[in-house]
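Enquirer: Below: one structure in structure tokens.
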Amino acid sequence: MDEERNEREEQELVSPAPQTDAVEVAEDDTFEKNVRLLSPMRMVLRRFFRSKLSVIGLVMIVSLILFSWFGPIFYHAWGEIEEDIVNPKIEYYAAEIQIADGDDSFTFYQVTETTRSINSLAPPDAKHILGTDVSGYDVFTRLMYGGRISLSISFIAVFAVTLLGIIFGGIAGYFGGKTDNVIMRLCDILMCLPGLPLMLIVGTLLDSWNVDPKYRIYLLMLFLTFISWPGTARLVRGQILYLREQEYMVAAEAMGFSATRKIFKHLVPNVLPQLIVSMTLSLGSMILYEATLSYLGFGVKPPYAAWGTMINIVTENSNVLKNYFNVWGPPGICIIIAVLGFNFVGDGLRDALDPKMKR
């Protein structure tokens, strides 16, 4: 009996798998054949759009861009610097003034302009969606034009900072030695400079030089770009120091590629994911910088509009701060939306570009 039982157990061990297992194996093979591998870009987009905050941030940014650039096309009842005159009739009065100088006397006529009143601080109505400010300008229209300046300046400054950081950081990381030491010491000096106080000093100099108010903020942001690129340069340098020792860089060296090609075609593209995240997070900071300078009176000057300039009115008239939220509230809300939107997108890109994320 024992021998028969042992033979039966041995036959079970060497017998083929049941039919059901064979079906499961066939189904697994079919599933593997039908699986389509995703490209790295599609995987990043899939991870990004799975995050609700990332999608919300993207919607916020796109909404502000559409509102600022395409809004004036549909709402063109008022211009950016067009005043709402209640009584457009203008009358002139001449007053005679006599001045005696010894035996001689002179007669002057002083001309004054009257009966020209501005519809300032008007409440929101059908004529003005968000009312008017102290100067009689339409708040809703200036909100759109102010968004153009605030957003465009931030984008330009961030791209310029990134470009300088890529150039200097790439050179320092690839060549090393004395070149690296010189560039990094320059970065240390620039990072030690107090940004906002220097911006205020430069703004005062621009005032004394009577620079056109329309271009003042661009010069200030150019100076901000000059002192802000060291952070990006350090990021690029650190990544290139790691990447230049990889196998594909050894192969590029063996093939005799030039240093420029190896830096900007093989090294920099591998640093772009970190740079994209850094850029999106820096956009919010740039908007706050611009708003701060305009609020302090060193940015865009009236009659041109920027979100910070529109809020600056509360420093000149406390009554506006207390009773006219429609004048300074909307630009403040736009600044909050822009900063939160860029931060949400930056966080989403950071998680989506991280290969260790499993979601």
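Enquirer: May I ask you to list pairs of residues, at least six apart or on different chains, whose Cβ atoms are under 6 Å apart, with the first in region 204-223 being touching a residue at least 40 places away in the same chain (Cβ under 8 Å) and the second being assigned to a loop (DSSP other than H, G, I, E, B) and of a type outside the set (A, V, I, L, M, F, W, C)?
Expert: Hits for this filter: Pro213/Lys301; Lys214/Tyr304; Ile217/Gly299.
Enquirer: Looking at Ser282, Ser294 in this structure, which one is within 24 Å of Pro197 (Cβ to Cβ) and at pLDDT below 85?
Expert: On inspection, the qualifying residue turns out to be Ser294.
Enquirer: Can I ask one more? Which residue out of Val134, Val139 is surrounded by 20 or more Cβ atoms within 10 Å (Cβ to Cβ), of a type in the set (A, V, I, L, M, F, W, C), within 32 Å of the chain's Cα centre (by Cα) and at pLDDT 70 or above?
Expert: Val139
Enquirer: Moving on to the next point. Residue check, Ile227 against (1) within 25 Å of Phe155 (Cα to Cα); (2) aliphatic (A, V, I, L, M); (3) in contact (Cβ under 8 Å) with a residue 40 or more places away in the chain; (4) surrounded by 14 or more Cβ atoms within 10 Å (Cβ to Cβ), all met but one. Which one?
Expert: (3) is the only condition that Ile227 fails.
Enquirer: Please work out if Gly329 is within 15 Å of the chain's Cα centre (by Cα) and modelled with pLDDT of 85 or more.
Expert: No; evaluated as a whole, the condition is false for this residue.
Enquirer: How do the helices (runs of 4 or more DSSP H) wholly within region 242-319 filter down when requiring 1 or more residues that are loosely packed, with under 14 Cβ neighbours inside 10 Å: which remain?
Expert: Here the list reads 247-254, 268-295, 313-316.
The values are calculated or read from the model by the stated rules, or taken from the named source; none is laboratory data. If you're wondering where the values come from, they're calculated on a predicted model, not measured in any experiment. Backbone-built Cβ (ideal geometry, glycine too); neighbour counts: all protein chains shown.
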